[in-house]
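Worksheet: the structure to be examined is printed underneath.
The values are calculated or read from the model by the stated rules, or taken from the named source; none is laboratory data. Model, not experiment: these values are computed from the prediction. FYI the Cβ positions are ideal-geometry reconstructions off the backbone, even for glycines, and counts take in every protein chain you see.
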Amino acid sequence: MLIEFSIDNYLSFKNNNRFRMEAGTIKEHTANVFYPFAFNEFKLVKSSIIYGANGSGKSNLLKAFRFMQQFVLNSSKESQASEDIKIEPFRLNHAKLDYPTTFEVIFLIDKTKYRYGFTVTRQEILGEWLCFTDKRKEEELYTRRGNQFLFDKKLLNEPKNKVDILKDLTRNNSLFISILAQFNVPLGIAISKWFSNTLVIFEANTEEMIDHTASLLTQPVYRKKIHDIIAKSDLGFLNLDAVVKEKAAQTRRSESLVSMMMGAEDSYQVKTAHKVFNDEKKQTDIVLFDLLRNESLGTQKYIALLGVILEALMERKILWIDELDSRFHELLLKMIIGLF
């Protein structure tokens, strides 16, 4: 669960900006509020909407989180060893171009609150820290200033020699948390998993997301939920099918077998099923339309988002969506928000 995300000196954010999921004192919309801890007044909201004028930085907030996510997951890879860190500081102030960029996130894993962050330039990591809160008192697991580390080895729960070796393996441009995950330290794996279970969706990825929704159609639980939602959405067609079913009919094999035979490189062709009527307005047939060629851009986006939204809800993942309201009728947008 996400509690707070903050950035300083990145893209359009000149100074420190914070996005918080902690619920306020307003009594409205109680269905969107939950209490992660029993017998504790701390409360979070299930969903939040960022709105503002064009060019006000909404998309950049998602880009900032995606950078942090990808850097945590990939900075320890050897392929990154000789590369500069691909940050983009605020460019409309000369002083900020030489100023470091900072990212920090506060989140929950299994009822434990963590605070993790780092400060970077294009050349190196200047600082990194990981803290956790137990019984309302925050304690440091480790802090880093350049190549200098301070550890709570007891809390890291690893032998001293192993921690020292991992520290020596940490390059100037790699995060220590990435090294911990790479070498199977449970704490590093848990933090890395939290980041990998966060989905960041941009509108430019529509076709890729349609493929993802289609892949979920091969799973009975997802298939039923997707069809149930489509039936309630009044999109003008009956249901949705991936090319799996068509290939199964052609080859006289089961859908599950065809699904296994299709490799990850296969692109799914998604079909929408429409009723065909005669002049007396009686249904005579069902015809399949190609989603990308025959349906509206709004319908394409709706189908694209269904997969990631259901995945986030069913697998308890965090989901960021850019330009959620574009191309949607307000009733479809309301239905999507209502899923949360």
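Counting only residues that are within 21 Å of the chain's Cα centre (by Cα) and either hydrophobic (A, V, I, L, M, F, W, C) or farther than 25 Å from Leu130 by Cβ (or both), give me the strands (runs of 3 or more DSSP E) lying completely in the range 1-117 with at least 3 of them.
2-8, 101-109
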Inset, instruction - Give the residue that is surrounded by the most Cβ atoms within 10 Å (Cβ to Cβ), with candidates limited to residues of the range 85-116 that are free of Cβ contacts under 8 Å to residues at least 40 places away in the same chain and of a type outside the set (Asp, Glu). - result: Arg115
Inset, instruction - Examine the range 167-182 for a residue that is among the aromatic types (Phe, Trp, Tyr), surrounded by 13 or more Cβ atoms within 10 Å (Cβ to Cβ), more than 19 Å from Gln70 (Cα to Cα) and modelled with pLDDT of 85 or more, and state whether such a residue exists. - result: no
Inset, instruction - Using the structure shown, decide if Gln283 is at pLDDT 80 or above, surrounded by 16 or more Cβ atoms within 10 Å (Cβ to Cβ) and out of contact with any Gly (no Cβ under 7 Å at 6 or more places or on another chain). - result: no
Legend entry - Cross-chain or 6+ apart pairs with Cβ under 6 Å, the range 211-227 first and surrounded by 15 or more Cβ atoms within 10 Å (Cβ to Cβ), then charged (D, E, K, R) and part of a helix (DSSP H, G or I): Leu217/Arg223
Legend entry - The lone exception for Leu141 - which of (1) in a helix (DSSP H, G or I); (2) surrounded by 12 or more Cβ atoms within 10 Å (Cβ to Cβ); (3) not small (Gly, Ala, Ser) it fails: (1)
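If you scan the range 155-171, which residues turn out to be in a helix (DSSP H, G or I) and either closer than 27 Å to Glu4 by Cα or among the acidic types (Asp, Glu) (or both)?
Listed by number, the residues that qualify are Leu155, Leu156, Asp164, Asp168.
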Legend entry - Any chance Ser59 is touching a residue at least 24 places away in the same chain (Cβ under 8 Å) and either under 24 Å from Ala190 (Cα atoms) or buried (at least 17 other Cβ atoms within 10 Å of the Cβ) (or both): yes
Legend entry - Leading residue by the ranking (surrounded by the fewest Cβ atoms within 10 Å (Cβ to Cβ)) among those in the range 286-340 that are modelled with pLDDT of 90 or more and of a type in the set (Asp, Glu): Glu315
